[in-house]
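To start, the structure itself, in structure tokens.
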């Protein structure tokens, strides 16, 4: 465990990553998926409220940032007509499933089950952007996800008690952000499709 005050460093890193994504969205360089980012904002703010009630401590500040940054991204996306990713059936279905998970979380009385359903809702909300990062990585900005891996790792290390309430949410964010960073920076989707087309031509 590291000093809990390192959470302030995590918040700063989140702010840097978030600012870069908001800036790119404003400029039309990045086209965020509004389903993902709207739900991430809602879920981050709700998770912050839960962590405050469960006395998670300073680590809850990082969770608050996980809500505020997506809300800022969504708000800025309305300022630039180029900052819009066209939504399809897959995005809508993921949004509905994620909202259903949140509804289940709100009404279930078992804390652990509620937390798991909440985290599942958050992960489903991320699927449209994971898919977008595979199909069109050039429409994404990786810095916010790379910073997300760093600041959530710091958050985990600052926990005085490593329990499900404090660790599950940031831990899952690390996995999702690491995957999207890899897809965007490595341009894995286009590279795979290009190599697949070459292989098809050679086989023909």
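From 19, 37, 85, grab the single residue that is surrounded by 15 or more Cβ atoms within 10 Å (Cβ to Cβ) and under 22 Å from residue 172 (Cβ atoms).
Checking each option against the conditions leaves just 37.
Assess whether residue 28 counts as being free of Cβ contacts under 8 Å to residues at least 60 places away in the same chain, on the phi > 0 side of the Ramachandran plot and surrounded by fewer than 22 Cβ atoms within 10 Å (Cβ to Cβ).
Answer is yes for this residue.
So residue 100 ticks every box in (1) in contact (Cβ under 8 Å) with a residue 40 or more places away in the chain; (2) in contact with a helix residue (DSSP H, G or I) (Cβ under 8 Å, 6 or more places away or on another chain); (3) farther than 27 Å from residue 5 by Cβ but one. Which box is left unticked?
Condition (1) is where residue 100 drops out.
Pick out the one residue from 155, 129, 176 that is over 12 Å from the mean Cα position of the chain (by Cα) and either assigned to a helix (DSSP H, G or I) or over 24 Å from residue 22 (Cα atoms) (or both).
Of 155, 129, 176, the one residue that is over 12 Å from the mean Cα position of the chain (by Cα) and either assigned to a helix (DSSP H, G or I) or over 24 Å from residue 22 (Cα atoms) (or both) is 155.
Give me a count of the residues in the stretch 81-98 that are farther than 14 Å from residue 132 by Cβ and assigned to a loop (DSSP other than H, G, I, E, B).
2
Report every pair of residues separated by at least 6 positions or lying on different chains whose Cβ atoms are under 6 Å apart, first residue within the stretch 189-204 and under 21 Å from residue 140 (Cβ atoms), second at pLDDT 90 or above.
189/134; 189/135
Restricting attention to helices (runs of 4 or more DSSP H) lying wholly within the stretch 1-77, give those where 3 or more residues are closer than 30 Å to residue 107 by Cα.
Qualifying helices (runs of 4 or more DSSP H): 34-53, 60-77.
Only residues that are surrounded by fewer than 21 Cβ atoms within 10 Å (Cβ to Cβ), in contact (Cβ under 8 Å) with a residue 12 or more places away in the chain and part of a helix (DSSP H, G or I): list them for the stretch 158-173, please.
164, 165, 168, 171, 172
Within the stretch 51-59, is even one residue closer than 23 Å to residue 178 by Cβ and crowded, with 22+ Cβ neighbours inside 10 Å?
Yes, that holds for at least one residue.
Taking residue 10 and the conditions (1) farther than 17 Å from residue 174 by Cβ; (2) touching a helix residue (DSSP H, G or I) at 6+ places or on another chain (Cβ under 7 Å), which numbered condition does it fall short on, given that it satisfies the others?
Among (1) farther than 17 Å from residue 174 by Cβ; (2) touching a helix residue (DSSP H, G or I) at 6+ places or on another chain (Cβ under 7 Å), residue 10 violates only (1).
The values are calculated or read from the model by the stated rules, or taken from the named source; none is laboratory data. Remember, it's a predicted structure, so these values are computed and weren't measured experimentally. Neighbour counts run over all protein chains shown; Cβ positions are idealised from the backbone, glycine included.
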